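This report concerns only the one structure given below.
The values are calculated or read from the model by the stated rules, or taken from the named source; none is laboratory data. Treat the numbers as computed from the prediction; the structure is a model and nothing was measured. With ideal geometry, Cβ positions are generated from the backbone for all residues, glycine too; neighbour counts draw on all protein chains shown.
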Amino acid sequence: MNAHTSGPRALVVYESMFGNTERIARAVSDGLRDSGFEVTCTDVRDTELGVPVGADLLVVGAPTHAFSLSRPRTRADALRQGAAADHAEVGLREWLWQSRPDPSLNAPLAAVFDTRVSRVRRLPGAARKAARLARHRGFEPVGAPGAFLVEGTPGPLNAGETVRATHWAESIARTCLERRGLAPARTEDDART
Ligand SMILES: Cc1cc2nc3c(=O)[nH]c(=O)nc-3n(C[C@H](O)[C@H](O)[C@H](O)COP(=O)(O)O)c2cc1C
């Protein structure tokens, strides 16, 4: 892939108890990179609470727990169902509560996605709550929320969901670039021509 010399930046923050949302977040990051964004993709546990988000686009993704974002109680439940113990401390709900856009940003944008069990896919998911919190914290939602399907609580992802996630991210990237009046990153190859 070409090395980017400049361009719009995206921060992808995900929560994942069994690794499925992480796989989607990585596929989303690929789609954003292919659309010209410089992307930082990070587990919510490794992201400091309360640090202003300076990226042009924030993307957040979380597993659906009890039709919404996880809470300490539901994360404890996930541990009982086999998730790794160090995944229970902080979730996207807590992170979003303390998030805020960098004040220098004009119209900071946020896109949201969740993972959910295919059998109940039409019921409310985590992304709806994430969008509400992001708006409350000063981000403007961009694009339709993404919903990516798993076969059961520990996964696996349904076939084709990572490809669908990359396409979803490409569409979010296009909308974001239009809304912010940004151009995709120029690459070193572009710069030479
Ligand atoms: C406590 C708990 C509650 C859940 N509630 C729901 C739910 O309401 N709707 C749903 O579709 N999936 C529900 N799930 C399944 C999760 O969405 C699934 O485990 C998740 O998408 C897997 O992603 P992860 O590997 O990133 O954690 C629940 C899972 C747990 C552990």
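Given the residues Ala55, Ala66, which is the only one that is at pLDDT 95 or above and at positive phi?
Ala66
Failed condition for Arg116, given (1) in a helix (DSSP H, G or I); (2) within 15 Å of Gly19 (Cα to Cα); (3) at pLDDT 95 or above, with all others met?
(1)
Just to be sure I understand the filter: pairs with C-beta atoms under 8 Å, separated by 6 or more residues or on different chains, first member in region 77-91 and closer than 14 Å to Val44 by Cβ, second member among the aliphatic types (A, V, I, L, M) and surrounded by fewer than 17 Cβ atoms within 10 Å (Cβ to Cβ). Which pairs pass?
Listed by first residue and then by second, the contacts come to His87/Leu79; Ala88/Ala76; Ala88/Leu79; Val90/Leu49.
Here are the criteria: (1) small (Gly, Ala, Ser); (2) modelled with pLDDT under 95; (3) surrounded by 14 or more Cβ atoms within 10 Å (Cβ to Cβ). Tell me which single one Gly61 does not satisfy.
Exception for Gly61: condition (2).
Are any residues in region 132-144 in a loop (DSSP other than H, G, I, E, B), under 13 Å from the mean Cα position of the chain (by Cα) and closer than 14 Å to Val53 by Cβ, and if so, which ones?
Listed by number, the list holds a single entry, Val142.
Got at least one residue in region 121-131 being assigned to a loop (DSSP other than H, G, I, E, B), in contact with a Ser or Thr (Cβ under 9 Å, 6 or more places away or on another chain) and buried (at least 17 other Cβ atoms within 10 Å of the Cβ)?
Taking every residue of region 121-131 in turn, at least one turns out to be assigned to a loop (DSSP other than H, G, I, E, B), in contact with a Ser or Thr (Cβ under 9 Å, 6 or more places away or on another chain) and buried (at least 17 other Cβ atoms within 10 Å of the Cβ).
So Ala165 clears everything in (1) touching a strand residue (DSSP E or B) at 6+ places or on another chain (Cβ under 7 Å); (2) part of a loop (DSSP other than H, G, I, E, B) except one condition, right? Which one?
(2)
Within region 152-166, is even one residue surrounded by 14 or more Cβ atoms within 10 Å (Cβ to Cβ), in contact with a helix residue (DSSP H, G or I) (Cβ under 8 Å, 6 or more places away or on another chain) and among the acidic types (Asp, Glu)?
So far as region 152-166 goes, yes, one or more of its residues are surrounded by 14 or more Cβ atoms within 10 Å (Cβ to Cβ), in contact with a helix residue (DSSP H, G or I) (Cβ under 8 Å, 6 or more places away or on another chain) and among the acidic types (Asp, Glu).
Looking at Ala165, Ala110, Ala169, can you tell me which residue is closer than 25 Å to Glu38 by Cβ, touching a Phe, Trp or Tyr at 6+ places or on another chain (Cβ under 8 Å), touching a residue at least 60 places away in the same chain (Cβ under 8 Å) and not acidic (Asp, Glu)?
Unique residue meeting the criteria: Ala165.
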